[in-house]
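One structure follows; several queries about it will come next.
The values are calculated or read from the model by the stated rules, or taken from the named source; none is laboratory data. Bear in mind the structure is a predicted one, so any value in this text is a computation, not a measurement. Note that each Cβ is placed from the backbone with ideal geometry, even for glycine, and that neighbours are counted across all protein chains shown. Note: areas computed on protein heavy atoms with side chains; ligands, DNA, RNA excluded. Shrake-Rupley method; radii C 1.70, N 1.55, O 1.52, S 1.80 Å.
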Amino acid sequence: MLQFLKDEGVEFLFGYPGGAVLHIYDAIYKQDDVKHILVRHEQGATHMADGYARATGKPGVVLVTSGPGATNAVTGIATAHMDSIPLVVITGQVPTHAIGMDAFQEVDCVGITRPCVKHNYLVKDVHDLAITLKKAFHVATSGRPGPVVIDIPKDVTHPDIKIPYEYPQEVRMRSYSPVQKGHTGQMKKALELILSAERPMIYTGGGVVLDDASEELRTFARSLGYPTTNTLMGLGAFPGTDSQFVGMLGMHGTYEANMAMHHCDVLIGIGARFDDRVVGDVKKFCPHAKIVHIDIDPSSISKTVKVDVPIVGPVGSVLREMNAMINATNRRPDAQALEAWWNRIREWQSIDCLRYEQSDTCIKPQFVLQKLYEITEGDAFITSDVGQHQMWAAQFYPFDKPRRWINSGGLGTMGFGLPAAMGVQFAYPDAKVACVTGEGSIVMCIQELSTAKQYGLPVKVVNLNNRYLGMVRQWQEFMYESRESHSYLDSLPDFAALAESFGHVGMTIESPGDVESALEEAFAMEDRLVFMDFITDPTENVFPMMMQGKGHHEMLLSEMCRDRELA
Amino acid sequence: MRHIISLLLENEPGALCRVANLFSARGFNIESLSVAATEDPSVSRMTLVTGGSDDVIEQITKQLNKLVDVVRLTDITESAHVEREMMLIKVRATGEGREEMKRVCDIFRGRILDVGETTYIIELIGDSAKIDAFIDTVDDRLILEVVRSGSMGIGRGDRMLRV
């Protein structure tokens, strides 16, 4: 197995030992090619591998033991599955003769993970091991990527079994053949529609990031001059500071992006899956638009929203072909209509929907993120956990490059941010990596601070500590008459002291005047993990917001923007 | 509408589970499901009867196609096809009813496989509608056990589902 991983080019193995994988760990001990990273909890291993995969585009590889090792990994596997991240997760299993006997540390791992993997395998014969590993890497990384689990009973890895090994160069699977190329006829039809648009909108998602198609997207959007929005998963695929970029769309997207969605007449969806947080009320979605949808997964097409021109294929190759078609034709979009459309969008932009009220006494979370952007010159890898801080990071840190924004968009897994940041830092030891988190999320995987110490990872933790599960509290304020049922977090630890006890640098920042200097100081410590605990305004809400059951044109704006809208 | 979907699956452990899982996880209906190996022992053939709007059926076929163990599938209800289901039904057959039961069985071209003192076991083959009709015809109080195979189907003429 180790020889295979080496031949497959695997750099890191994120894992945690236990009975069923001891033979494998003995083999790890005897080699230096694949670096094993000892985590503190199996969930941390999967998120670390996931962060590594999202930042590099290479598959993340995990090794855990049977039973609780496997079940602890499930959250991370499901996280990767929802966001289509290539992972290969190797789980130990009790020996084949003990399977089904309720043996010590036995769970039906293949059964438990079946609904949250792209595919999984149980290897019962050592002769199948190399080819199954090869298949797992192939399935995980091709087509629409995703996690693959390989469950290996302990007797299959017994050192007494000696069989000849040869790296399988190729793999052929008659039941699995992802689409390699889009349908040219459909592309022509799509282009016809795209060029006839008067109020066009380009809406792109994580698929553009996963297929490394940012370059193609830029060429496509710029040659047309159309407004472009990204989903939460797609941020960075189109430069966040580009004049054609109108911000993120969806529940906490910008006013202008959502208004443009509502009023557009042609919508071009690229590598996005029309998720409920993006679409809002399906019945009110893009009521005037003909929809083109490019996606590698046929089942994503017309799943939630009926589309007019579907193109099934890898977004990169489809966009390359369509860019060539645009080059070859003299037809150009109606300049006058487009100018009028942009004027409307600029009007919506002038609302300045992300404005917030600055304070001299209380740290505003948005302000911390703006400063983080300035100090890292917009060029850091930012991971996040889940909640208000995640939305603010997405709103206030424009990403110009893909694979820089790393968050659990689909599953919304609290605890993701820290281990994911560590995975990124393993891949890019010299890069600036910050984990934007909150006091609720960070404790869900805080044990990984210990792993970070062991491997000397200089991650910067930006903890926006408002003493509340902020997003829960916000919903309770809006929808449950402010009954704050179990959203206040009592008895929080002293995070700075906690970080220090793990051997890191801890800071507590309570005044807006100290935010910039704290960040500067932290990023100056290039070889230390710094945990910055920012005590922020507990009442701040994320705006604008598209409430459940509402359409893109019915966003709730912050009070100050509401005034402006009326004026 | 009712659809019959035929699938060729890798004959791997867990392949059936993956299909069943998909239906429960995504809230699709399964009316019946039957599966067995084919002339090629590495391939199983499954016949799945399901219902729903065109959009739902489209999602079902796309999601099934996405399963790595699914080699090929087709919705055989899209064109001419043959459908058969087998039922074994145990019925109470006493007194005057005994003769009447035999008559109903003959009308439906069923066969009596077992003659008990007070019971018959009847074998009936046909499409699901015919089997439903037989059950409707027989007095509920006389039905003791019903075993249905679930539908099997195959496209007519040159339409083939092969690896």
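Which of the residues belonging to the stretch A:121-159 are assigned to a strand (DSSP E or B) and over 17 Å from A:A27 (Cα atoms)? Walk me through how you get there before you give the answer.
Just the residues of the stretch A:121-159 that are assigned to a strand (DSSP E or B), to begin with: A:121-122, A:147-153.
A:Y121, A:L122, A:P147, A:V148, A:V149, A:I150, A:D151 - these are the residues of the stretch A:121-159 that are assigned to a strand (DSSP E or B) and over 17 Å from A:A27 (Cα atoms).
Does B:V146 qualify as being in contact with a Ser or Thr (Cβ under 8 Å, 6 or more places away or on another chain), outside the structural domain of B:E10 (by TED's automatic domain parsing) and β-branched (V, I, T)?
In short, no.
Within the stretch A:477-493, does at least one residue satisfy the condition of being within 25 Å of the chain's Cα centre (by Cα) and touching a residue at least 40 places away in the same chain (Cβ under 8 Å)?
no
State all residues of the stretch A:70-83 that are of a type in the set (S, T, Y) and surrounded by fewer than 24 Cβ atoms within 10 Å (Cβ to Cβ); if no residue qualifies, say none. Lay out the reasoning, then the answer.
If we filter the stretch A:70-83 for residues that are of a type in the set (S, T, Y), which is where we start, we get A:71, A:75, A:79.
Once the filter is applied, which keeps residues that are of a type in the set (S, T, Y) and surrounded by fewer than 24 Cβ atoms within 10 Å (Cβ to Cβ), the stretch A:70-83 yields A:T71, A:T75.
Restricting attention to the stretch A:169-193, and to residues there that are away from chain B (no Cβ under 14 Å) and not in a helix (DSSP H, G or I), which single residue is least open to solvent (accessible area, probe 1.4 Å)?
Here the answer is A:G182.
Which of the residues belonging to the stretch A:247-275 are out of contact with any Cys (no Cβ under 6 Å at 6 or more places or on another chain) and farther than 25 Å from A:V318 by Cβ?
If the condition is that a residue be out of contact with any Cys (no Cβ under 6 Å at 6 or more places or on another chain) and farther than 25 Å from A:V318 by Cβ, then A:M251, A:H252, A:E256, A:N258, A:M259, A:H262, A:H263 are the ones that fit.
Also, I was wondering about something else. Is it the case, given these coordinates, that A:T304 is among the polar types (S, T, N, Q) and surrounded by fewer than 22 Cβ atoms within 10 Å (Cβ to Cβ)?
yes
Quick grid of which residues meet (1) outside the structural domain of B:L8 (by TED's automatic domain parsing); (2) basic (K, R); (3) in contact with a helix residue (DSSP H, G or I) (Cβ under 9 Å, 6 or more places away or on another chain):
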| residue | (1), (2), (3) |
| --- | --- |
| B:T50 | no, no, yes |
| B:I60 | no, no, yes |
| B:K66 | no, yes, yes |
| B:G97 | yes, no, yes |
| B:K102 | yes, yes, no |
| B:I107 | yes, no, yes |
| B:L113 | yes, no, no |
| B:E117 | yes, no, no |
| B:Y120 | yes, no, yes |
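Something else: Considering every residue within the stretch A:161-168, establish whether at least one is within 14 Å of chain B (Cβ to nearest Cβ) and among the basic types (K, R). Outline the logic, then answer.
Taking the stretch A:161-168 first, the residues within 14 Å of chain B (Cβ to nearest Cβ) are none.
Checked the stretch A:161-168: no residue is within 14 Å of chain B (Cβ to nearest Cβ) and among the basic types (K, R).
Hey, another quick one. Considering only residues that are open to solvent by 50 Å² or more (accessible area, probe 1.4 Å), part of a strand (DSSP E or B) and among the aliphatic types (A, V, I, L, M), which ones fall in the stretch B:122-163?
Matches in the stretch B:122-163: B:I125, B:L144, B:V146, B:V147, B:M152, B:I154.
Next question, about the same structure. Could you tell me which of the residues B:R72, B:R92, B:R84, B:R103 is away from every other protein chain (no Cβ under 14 Å), touching a Leu at 6+ places or on another chain (Cβ under 9 Å) and open to solvent by 70 Å² or more (accessible area, probe 1.4 Å)? Write out each step before concluding.
Details: B:R72 fails: away from every other protein chain (no Cβ under 14 Å); B:R84 fails: touching a Leu at 6+ places or on another chain (Cβ under 9 Å); B:R103 fails: touching a Leu at 6+ places or on another chain (Cβ under 9 Å).
After applying the criteria, what remains is B:R92.
Please tell me if A:H252 is away from every other protein chain (no Cβ under 14 Å), crowded, with 22+ Cβ neighbours inside 10 Å and assigned to a loop (DSSP other than H, G, I, E, B).
The answer is yes for A:H252.
If A:A496 satisfies all but one of (1) surrounded by fewer than 22 Cβ atoms within 10 Å (Cβ to Cβ); (2) part of a loop (DSSP other than H, G, I, E, B), what's the number of the condition it fails?
(2)
Next question, about the same structure. Which residue pairs have Cβ atoms closer than 6 Å, lie 6 or more positions apart in sequence or on different chains, and pair a first residue in the stretch B:10-39 that is within 11 Å of chain A (Cβ to nearest Cβ) and open to solvent by less than 40 Å² (accessible area, probe 1.4 Å) with a second residue that is among the hydroxyl-bearing types (S, T, Y) and part of a loop (DSSP other than H, G, I, E, B)?
Final answer for the pair search is B:E10/A:S175.
Follow-up. Mind checking which residues of the stretch A:469-482 are touching a helix residue (DSSP H, G or I) at 6+ places or on another chain (Cβ under 8 Å) and either surrounded by fewer than 24 Cβ atoms within 10 Å (Cβ to Cβ) or over 28 Å from A:E377 (Cβ atoms) (or both)? It would help to see each step written out before you state the result.
From the stretch A:469-482, those touching a helix residue (DSSP H, G or I) at 6+ places or on another chain (Cβ under 8 Å) are A:469-471, A:474, A:482; that's our starting set.
Correct list: A:L469, A:M471, A:Q474, A:S482.
Check whether at least one residue in the stretch A:65-75 is closer than 25 Å to A:P153 by Cβ and in contact with a Lys or Arg (Cβ under 9 Å, 6 or more places away or on another chain), and report yes or no.
From the stretch A:65-75, those closer than 25 Å to A:P153 by Cβ are A:65-75; that's our starting set.
Now restrict to residues that are in contact with a Lys or Arg (Cβ under 9 Å, 6 or more places away or on another chain): A:66.
Yes: the stretch A:65-75 contains one or more residues that are closer than 25 Å to A:P153 by Cβ and in contact with a Lys or Arg (Cβ under 9 Å, 6 or more places away or on another chain).
Are there helices (runs of 4 or more DSSP H) fully within the stretch A:334-438 with at least 1 residues that are closer than 23 Å to A:N258 by Cα and in contact with a Phe, Trp or Tyr (Cβ under 6 Å, 6 or more places away or on another chain)? List them.
The qualifying helices (runs of 4 or more DSSP H) are A:335-349, A:365-375.
Right, something else. Quick check on the stretch A:396-410. Is at least one of its residues crowded, with 22+ Cβ neighbours inside 10 Å, within 22 Å of A:A518 (Cα to Cα) and among the β-branched types (V, I, T)?
no
Which count do you get for residues in the stretch B:53-68 that are surrounded by 19 or more Cβ atoms within 10 Å (Cβ to Cβ), more than 7 Å from chain A (Cβ to nearest Cβ) and not in a helix (DSSP H, G or I)?
1
Here's a follow-up. Return the only residue of A:L129, A:L122, A:L133 being touching a strand residue (DSSP E or B) at 6+ places or on another chain (Cβ under 7 Å) and more than 13 Å from chain B (Cβ to nearest Cβ).
Just one listed residue meets the conditions, A:L133.
Still on this structure: Which is open to solvent by less than 80 Å² (accessible area, probe 1.4 Å), away from chain A (no Cβ under 14 Å) and free of Cβ contacts under 8 Å to residues at least 40 places away in the same chain, of B:T119, B:T50? It would help to see each step written out before you state the result.
On the way: B:T50 fails: free of Cβ contacts under 8 Å to residues at least 40 places away in the same chain.
Going through B:T119, B:T50 in turn, just one is open to solvent by less than 80 Å² (accessible area, probe 1.4 Å), away from chain A (no Cβ under 14 Å) and free of Cβ contacts under 8 Å to residues at least 40 places away in the same chain: B:T119.
Further question: Would you tally the residues in the stretch A:107-118 being assigned to a loop (DSSP other than H, G, I, E, B) and buried (at least 18 other Cβ atoms within 10 Å of the Cβ)?
Adding up the residues that qualify gives 3.
Test A:S243 against the criterion of being under 23 Å from A:L224 (Cβ atoms) and surrounded by fewer than 20 Cβ atoms within 10 Å (Cβ to Cβ), and give yes or no.
Details: under 23 Å from A:L224 (Cβ atoms): yes; surrounded by fewer than 20 Cβ atoms within 10 Å (Cβ to Cβ): yes.
Here the answer is yes, as A:S243 does meet what is asked.
Just the residues that are in contact with a strand residue (DSSP E or B) (Cβ under 8 Å, 6 or more places away or on another chain), more than 9 Å from chain B (Cβ to nearest Cβ) and assigned to a loop (DSSP other than H, G, I, E, B), please, taken from the stretch A:296-312.
A:I296, A:V305, A:V307, A:D308
Then there's this: Of A:F426, A:F367, which residue is closer than 20 Å to A:C353 by Cβ and modelled with pLDDT of 95 or more?
Of the residues listed, the single one that is closer than 20 Å to A:C353 by Cβ and modelled with pLDDT of 95 or more is A:F367.
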